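Data first, discussion second: the structure below is written as structure tokens.
The values are calculated or read from the model by the stated rules, or taken from the named source; none is laboratory data. Since the structure is predicted, the reported quantities are computational estimates derived from the model, not experimental observations. Note: ideal-geometry Cβ built from the backbone for every residue, glycine included; neighbour counts use all protein chains shown. Ligands, DNA and RNA are stripped out before the accessible areas are found, and what is left, the full protein with its side chains, is counted by its heavy atoms. Shrake-Rupley method; radii C 1.70, N 1.55, O 1.52, S 1.80 Å.
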Amino acid sequence: MIVSVADGDGPPLGDVVSEDVVTADAESVGDAVARENATVAVVYASAVADPAAVVATVRSRAPGLPVVVVGTADVDADVTCAASDETAVRAAVERAEHIAAYRASVSTLYEACRERALGQPDADVRERRADADRRLDDLPEDSDVVRAALRPEGDDG
């Protein structure tokens with residue numbers, strides 16, 4: 001589920017991506033990302049009064065959720081997209097989805113490590129590690145995307 005954030009009538013993100021899209025305004029975005037089990041948040045900088053505050057709200061309510069900011073804004077998002085055309089937005093969302101997949105694989109690896117008892121077989125841990133390594137290799141060759149994928153949860157930049 002992708003949460004598209006715009007006050008008033010924002011651009012129709014559902015026409016651009018194949019995933020389910022829920023639209024939220026800046027005031028309700030925190031509830032939306034928590035309620036909708038979001039995978040990515042897309043913030044339209046030109047359609048909200050304070051894009052940085054929206055990003056901060058998303059990060060506080062859904063730590064680790066990748067945030068895409070569309071349009072020009074001085075915001076430390078996981079993925080930025082200056083252009084708002086369909087191709088650019090779709091590519092930005094895809095980069096954010098790679099980040100989400102990598103973060104999920106690391107979380108799964110962490111849980112497997114915590115659940116493994118000392119002296120027990122570690123096949124599950126090795127499998128999870130291999131998956132996380134594959135997802136890291138699958139990240140786009142973009143230093144900003146890699147930096148965003150490696151950002152600890154709750155880190156605002």
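I'd like the full set of residues that are surrounded by fewer than 24 Cβ atoms within 10 Å (Cβ to Cβ) and more than 12 Å from A53 (Cβ to Cβ), limited to region 65-80.
Passing the criteria: L65, G71, T72, D74, D76, T80.
Any residue in region 61-72 that is more than 14 Å from Y44 (Cα to Cα) sitting within a Cβ distance under 7 Å of a residue that is open to solvent by 10 Å² or more (accessible area, probe 1.4 Å) and not aliphatic (A, V, I, L, M)? List the pairs, counting only those 6 or more apart or interchain.
That search, which allows pairs on different chains as well, returns P63/E153; P63/G154; G64/R103; G64/E153.
Which pairs turn up if I take residues in region 89-108 that are under 11 Å from V145 (Cβ atoms) and look for partners that are open to solvent by less than 10 Å² (accessible area, probe 1.4 Å) and assigned to a helix (DSSP H, G or I) with beta carbon separation below 6 Å, at least 6 apart in sequence or on another chain?
Final answer for the pair search is R95/V145; I99/A148; I99/A149; Y102/A149.
Given the conditions (1) of a type in the set (G, A, S); (2) free of Cβ contacts under 8 Å to residues at least 40 places away in the same chain; (3) touching a helix residue (DSSP H, G or I) at 6+ places or on another chain (Cβ under 9 Å); (4) farther than 19 Å from V21 by Cα, report the number of the one that A148 does not fulfil.
Single failed check for A148: (2).
Among the residues of region 49-96, which ones are in contact with a Pro (Cβ under 7 Å, 6 or more places away or on another chain) and charged (D, E, K, R)?
Listed by number, the residues that qualify are D78, R95.
Among (1) touching a residue at least 60 places away in the same chain (Cβ under 8 Å); (2) buried (at least 21 other Cβ atoms within 10 Å of the Cβ); (3) not hydrophobic (A, V, I, L, M, F, W, C), there is one condition T57 misses while meeting the rest; what is its number?
Result: T57 fails condition (1) only.
Could you tell me whether R116 is of a type in the set (D, E, K, R), free of Cβ contacts under 8 Å to residues at least 12 places away in the same chain and more than 29 Å from S4 (Cβ to Cβ)?
yes
Could you please find all residues in region 92-111 being surrounded by fewer than 17 Cβ atoms within 10 Å (Cβ to Cβ) and among the hydrophobic types (A, V, I, L, M, F, W, C)?
Correct list: A104 only.
Here are some conditions: (1) open to solvent by less than 50 Å² (accessible area, probe 1.4 Å); (2) over 28 Å from D138 (Cβ atoms); (3) free of Cβ contacts under 8 Å to residues at least 12 places away in the same chain. R35 meets all but one. Which one does it not meet?
(1)
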